[in-house]
Number of protein chains: 2
Amino acid sequence: MEHAARRPALAHFLDAQRLAFGPLMFQAVRAARDMGVLGALDAAGQAGLLPGEVAERAGVSLYAARVLLEACLSAGVCEVEGWRFRLTRAGRLVLRDEMTRVNMDFVHHVCFRGAFELERSLREGRPAGLATLGPWSTVYEGLSRLDPEVQRAWFAFDHFYSDAVFAEALSVLLARRPTRVLDVGGNTGRFATACARRDPGVEVTILDHPGQLALAAREAEAAGVGPRVKGAPIELLDHRLPFPTGFDVVWMSQLLDCFPERDVVGLLRRGGAALKPGGRLYVSEPCWDRQPNEVGRYCLHATSLYFTAIANGTSRMYHSEDLAGCIAAAGMVLEEDRPLGSTHTLFVCRPG
Amino acid sequence: MEHAARRPALAHFLDAQRLAFGPLMFQAVRAARDMGVLGALDAAGQAGLLPGEVAERAGVSLYAARVLLEACLSAGVCEVEGWRFRLTRAGRLVLRDEMTRVNMDFVHHVCFRGAFELERSLREGRPAGLATLGPWSTVYEGLSRLDPEVQRAWFAFDHFYSDAVFAEALSVLLARRPTRVLDVGGNTGRFATACARRDPGVEVTILDHPGQLALAAREAEAAGVGPRVKGAPIELLDHRLPFPTGFDVVWMSQLLDCFPERDVVGLLRRGGAALKPGGRLYVSEPCWDRQPNEVGRYCLHATSLYFTAIANGTSRMYHSEDLAGCIAAAGMVLEEDRPLGSTHTLFVCRPG
């Protein structure tokens, strides 16, 4: 968006300091949001507020108001004129935009403490920051036992990005008139339930950790499709264990980014073997090279760091060429890849 | 530098996500610097490197190289063309600029873990993040007992900003031909030693915590001015305790930003009382409204957050009007304020 070569030297210095102080500024902007400072500014509109007025309306100390307003000024979240502070457009996004809120809560509750161990995670090939959340070797083992605040932030982040494309994906999948669908890594069952609700002739089997299957069963039950949503517990990473077979559709939504490439290949191979003749395997992933703009790419590259330091230490958000390579390595043929919403790519594969 | 009103909506979204993922991107860029990824790119110059070449030259896994290169791409630290990654200007600053390095090390070692408690610190009026470094009520109590890596980062940051203006400040102070100088909060004695070395007719007394005085005495000893650099231990915050008296010059360098305004007033009042007739009190501070550009202001606003979450929970980097108000409240007359280097302001005060 901004062309580096034409920017003045000072702008590069500012970029470097924004990186260097990013963790402190993150916490200041988040605190300003959660302590009512940004809300007070928003309500005051273009007239703006003096620090003392912000303190009074947000119910914080004058010191807190000043520290936060001054940090938010440099962070670009507010602006000042004659000591009256006003919210900027970026500030309104921090306060009101759902994606920005979900990202910030996820980074604070799930990632912040463990991010300190990013370098160690990379050196040791394990999520060294996960110990800040619980005594597990991957975050998936602990998902159902996370602290409530952490769990809420985790699921809000996960659902925000995956659920948006379910309706469109279902239109593509159900056009094949499948009767048996295998949802690999079905998580809390949102897709399976949506699928069963939309087509009463479909039965969905979810493959996942037993802890996740219990959550998924509750979701399906509550939606009245319990009898057509089944769970099959499996260790996804033991590639000697075959998946159940005889499916028209195998569905993998934001699953493969949770695994390193050698496991991606193993999962695709087992997914292909689960298909009936004529069946198709569908992979839905947000690929960083297929984003409509730099914002989407930025979020994905940052999310990879969560995988490194917190989730599993070995996976990342992939480039479409990475996935195409894995599909070929699994002996599958990539029939088509098409955009799903503005953020995801749907890879349609058949056994080779 | 960039005018908010004219920027496209997408740029504001990107700003908001840069804030939201700032802590993760910070750790990625720091790891890329410390694991040799940025160094490998720098050495390759405009030709750039493939991820596999980076992994080999930096001695890291291919996974680590990819995760870091992709994050650095979105962070603006490198750019890519046909899978060949090259360092950008911001990347060269991260790798080679001393200020950026000092800031990043300070944020990582001293601030990162405790920054998680910024909101709590603001709500409770105490540095709730300091527990990540040691069991003290302010960082000053623990300075001589910090972990070596943390201590190194703390002093490098402190000295980088304060030492640069010592020579110029000494020219101003010594022009008064003082014989007795009081250095309030003299820290590791760098200023006191420089002052004694530059003018053999001057004796400097350092007021500080006993732990700091021991370090300062060693510094003066090593420079051969031990006999003319004395230490006087004092609890700076007990405003009933007068300072020693009879000084031509009282010097406060980056001292006042370590205290809330009510203590700033108390310190200025006691400093004024320590002067001989005709003496002057000099305050050197980097004020956020007196910076030559947005970079300096940004660093100061971020540094305030360190004071909140780690150092003492009550102080911040001041605006020149804040300090002028404290000087008046202490019954002193602000005779002159003048720039010191490009970053600091020297306030020259006499008793009213």
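The values are calculated or read from the model by the stated rules, or taken from the named source; none is laboratory data. Bear in mind that the values here come from a model prediction, so they are computed numbers and not experimental data. As a convention, Cβ positions derive from the backbone with ideal geometry for all residues, glycine included, and neighbour counts pool all protein chains shown.
Per-residue answers, yes or no, for (1) crowded, with 22+ Cβ neighbours inside 10 Å; (2) assigned to a helix (DSSP H, G or I); (3) out of contact with any Asp or Glu (no Cβ under 8 Å at 6 or more places or on another chain); (4) at pLDDT 95 or above:
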site	(1), (2), (3), (4)
B:V110	yes, yes, yes, yes
B:G114	yes, yes, yes, yes
B:S121	yes, yes, yes, yes
B:R126	no, no, yes, yes
B:P135	no, no, yes, yes
B:E141	no, yes, yes, no
B:E149	no, yes, yes, yes
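Report yes if A:A44 is of a type in the set (G, A, S) and within 7 Å of chain B (Cβ to nearest Cβ), otherwise no.
Spelling it out, it is not the case that A:A44 is of a type in the set (G, A, S) and within 7 Å of chain B (Cβ to nearest Cβ).
Can you tell me which residue within the stretch A:192-203, out of those that are buried (at least 23 other Cβ atoms within 10 Å of the Cβ) and touching a Leu at 6+ places or on another chain (Cβ under 8 Å), is farthest from A:D163 (Cα to Cα)?
Here the residue is A:V202.
I'd like the full set of residues that are surrounded by fewer than 23 Cβ atoms within 10 Å (Cβ to Cβ) and in contact with a strand residue (DSSP E or B) (Cβ under 9 Å, 6 or more places away or on another chain), limited to the stretch A:293-322.
A:S320
Give the residue that is surrounded by the most Cβ atoms within 10 Å (Cβ to Cβ), with candidates limited to residues of the stretch B:1-20 that are within 31 Å of the chain's Cα centre (by Cα), modelled with pLDDT of 90 or more and not small (G, A, S). Spell out how you get there, then give the answer.
Of the stretch B:1-20, the ones within 31 Å of the chain's Cα centre (by Cα) are B:1-4, B:11-20.
This time we only want the ones that are modelled with pLDDT of 90 or more, so: B:11-20.
If we keep only those that are not small (G, A, S) as well, we get B:12-15, B:17-19.
On the way: B:H12: 20, B:F13: 22, B:L14: 22, B:D15: 25, B:Q17: 25, B:R18: 25, B:L19: 28.
Looking at the filtered set, the residue picked out is B:L19.
What helices (runs of 4 or more DSSP H) lie completely within the stretch A:200-312 and have 3 or more residues being among the hydroxyl-bearing types (S, T, Y) and within 13 Å of chain B (Cβ to nearest Cβ)?
A:294-306
Could you please give the count of residues in the stretch B:313-332 that are more than 10 Å from chain A (Cβ to nearest Cβ) and in a helix (DSSP H, G or I)?
8
Among the residues of the stretch A:97-117, is any of a type outside the set (S, T, N, Q), closer than 30 Å to B:E56 by Cβ, in contact (Cβ under 8 Å) with a residue 60 or more places away in the chain and more than 11 Å from chain B (Cβ to nearest Cβ)?
No, because not a single residue in the stretch A:97-117 is of a type outside the set (S, T, N, Q), closer than 30 Å to B:E56 by Cβ, in contact (Cβ under 8 Å) with a residue 60 or more places away in the chain and more than 11 Å from chain B (Cβ to nearest Cβ).
Checking the structure you have, find out if any residue of the stretch B:144-154 is touching a Phe, Trp or Tyr at 6+ places or on another chain (Cβ under 8 Å) and away from chain A (no Cβ under 14 Å).
Checked against the condition, which is being touching a Phe, Trp or Tyr at 6+ places or on another chain (Cβ under 8 Å) and away from chain A (no Cβ under 14 Å), the stretch B:144-154 yields at least one hit.
Give the residues of the stretch B:79-99 that are under 16 Å from the mean Cα position of the chain (by Cα) and either aliphatic (A, V, I, L, M) or buried (at least 24 other Cβ atoms within 10 Å of the Cβ) (or both), sorted by residue number.
Listed by number, the list holds a single entry, B:M99.
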